[in-house]
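Heads up, the thing below is written out as structure tokens.
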Amino acid sequence: MSNSTSVEEFSGTHQAFRDRWAKTDDEMCKHSMSFHLHNTLRKEFFASYLYLLEKIPLVKLYAVTCEYIKGEKQFYYRAQNFYKDVPASEEGMMGDFLEISEIDLEGSRQFLKKFVVPGKTGTKRALDCGCGIGRVSKGVLFPVFESMEMLDMMEDFILHAHECYLGDDADRVDAYYLYNLQEFIPASNRYDVIWMQWVTCHLTDKDLMEFLMRAKESLRPNGVIIIKDNMARQGCKLDPIDSSIIRHLDIMKSIIQKAGLSILDVEKQEGFPEAIVPVWMIAMQ
């Protein structure tokens, strides 16, 4: 079938498609399969993928984010493989930027203080999502909360946290969860703070939104969810090597609002070298 015949046959669909996504390549619209791929992508990346399309061809993006390897979505499969080679150490957690670790922790401590004060957020229990070896738990959360729960997809990281890194603080860990965040269902009415640092970048928009909805239900009265992550200076950027997606702050805010959460405060992490991608902290409930 020629391109012109195809356009005639699907003219209504393609015209609506062109009207809505003005930036989409014209040639792409002449194939019904392109429309199908776009539709699939919209379910996975509702805001971000439009920015990605400006730089990454549709079929390539579809393969990275939606196809399956050994029964697992490639976007998550690649991340799991990437972290298998990351050492269970502070250097590994910081990606060779160990010199900014203490600056990062101090920024987090000061941001947390805004909410964990008498009459506001409690200090009974916190959940560290994407905890790694427990760098944030040890440096930010353990000094504040009576007990902790920690979640990561890498068993080596959790074992190192429990057996070595946390020391005596390991006795105050109520539970370790070896889970992918997109599959984790936290118990309701359980946490005063849910901390998510450098982990939202490893979730598709859809999975991030749905996890935030579940996390909201797991907060105790006046509980707070805090995201701290890299934020793109414009649009968003997909790294196919470690399967991370860096979103602009406005895109992150949109996902949070779609999850039914209210943003309490937003603050940029100061003191990082200019060459590093900006890092922002967002508190919500």
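Mind listing whichever residues of the stretch 78-92 are touching a helix residue (DSSP H, G or I) at 6+ places or on another chain (Cβ under 7 Å) and open to solvent by 70 Å² or more (accessible area, probe 1.4 Å)?
Correct list: GLU91 only.
Please note which helices (runs of 4 or more DSSP H) are completely contained in the stretch 17-89 and include at least 1 residues that are modelled with pLDDT of 75 or more.
Qualifying helices (runs of 4 or more DSSP H): 48-53, 58-65, 74-84.
Can you name every residue in the stretch 180-210 that is of a type in the set (Ser, Thr, Tyr) and modelled with pLDDT of 95 or more?
Scanning the stretch 180-210 gives SER188, TYR191, THR200.
Per-residue answers, yes or no, for (1) more than 28 Å from GLU44 (Cα to Cα); (2) touching a residue at least 24 places away in the same chain (Cβ under 8 Å):
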residue	(1), (2)
GLU163	yes, no
ASP169	yes, yes
VAL173	yes, yes
TYR177	no, yes
VAL193	no, yes
LEU208	no, yes
GLU217	no, yes
ARG233	no, yes
ILE246	no, yes
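Evaluate the stretch 242-252: report whether one residue or more is among the small types (Gly, Ala, Ser) and open to solvent by less than 40 Å² (accessible area, probe 1.4 Å).
Looking for residues that are among the small types (Gly, Ala, Ser) and open to solvent by less than 40 Å² (accessible area, probe 1.4 Å), one finds at least one in the stretch 242-252, hence yes.
From the set of residues in the stretch 104-134 that are closer than 13 Å to ILE194 by Cα and aliphatic (A, V, I, L, M), which is most open to solvent (accessible area, probe 1.4 Å)?
Of everything passing the filter in the stretch 104-134, VAL116 is most open to solvent (accessible area, probe 1.4 Å).
State all residues of the stretch 49-80 that are out of contact with any strand residue (DSSP E or B) (no Cβ under 8 Å at 6 or more places or on another chain) and β-branched (Val, Ile, Thr); if no residue qualifies, say none.
Listed by number, the residues that qualify are VAL59, ILE69.
Provide a single number: the residues in the stretch 267-285 that are within 16 Å of the chain's Cα centre (by Cα) and at pLDDT 95 or above.
7
For the stretch 179-213, name all the residues that are open to solvent by less than 10 Å² (accessible area, probe 1.4 Å) and among the charged types (D, E, K, R).
ASP192, ASP205
Restricting to the stretch 132-169, give me the number of residues that are of a type in the set (Ser, Thr, Tyr) and assigned to a helix (DSSP H, G or I).
So the count comes out to 2.
For the stretch 214-224, indicate whether the set of residues that are on the phi > 0 side of the Ramachandran plot, open to solvent by 10 Å² or more (accessible area, probe 1.4 Å) and not in a loop (DSSP other than H, G, I, E, B) is non-empty.
Yes: the stretch 214-224 contains one or more residues that are on the phi > 0 side of the Ramachandran plot, open to solvent by 10 Å² or more (accessible area, probe 1.4 Å) and not in a loop (DSSP other than H, G, I, E, B).
Quick one: SER101 ticks every box in (1) modelled with pLDDT of 95 or more; (2) open to solvent by less than 30 Å² (accessible area, probe 1.4 Å) except a single one, so which number is it?
SER101 satisfies all of (1) modelled with pLDDT of 95 or more; (2) open to solvent by less than 30 Å² (accessible area, probe 1.4 Å) except (1).
Between PHE75, PHE45, which is closer than 14 Å to ARG247 by Cα, surrounded by 19 or more Cβ atoms within 10 Å (Cβ to Cβ) and among the aromatic types (Phe, Trp, Tyr)?
Testing whether each residue is closer than 14 Å to ARG247 by Cα, surrounded by 19 or more Cβ atoms within 10 Å (Cβ to Cβ) and among the aromatic types (Phe, Trp, Tyr) leaves just PHE45.
Taking into account only those residues within the stretch 137-160 that are under 23 Å from TYR76 (Cα atoms) and aliphatic (A, V, I, L, M), which is surrounded by the most Cβ atoms within 10 Å (Cβ to Cβ)?
Once the filter is applied, the top-ranked residue is MET150.
The values are calculated or read from the model by the stated rules, or taken from the named source; none is laboratory data. Treat the numbers as computed from the prediction; the structure is a model and nothing was measured. Note that we place each Cβ from the backbone using ideal geometry, even for glycine, and neighbour counts take in every protein chain shown. Please note that ligands, DNA and RNA were not included when accessible areas were found on the heavy atoms of the full protein model with its side chains. Shrake-Rupley method; radii C 1.70, N 1.55, O 1.52, S 1.80 Å.
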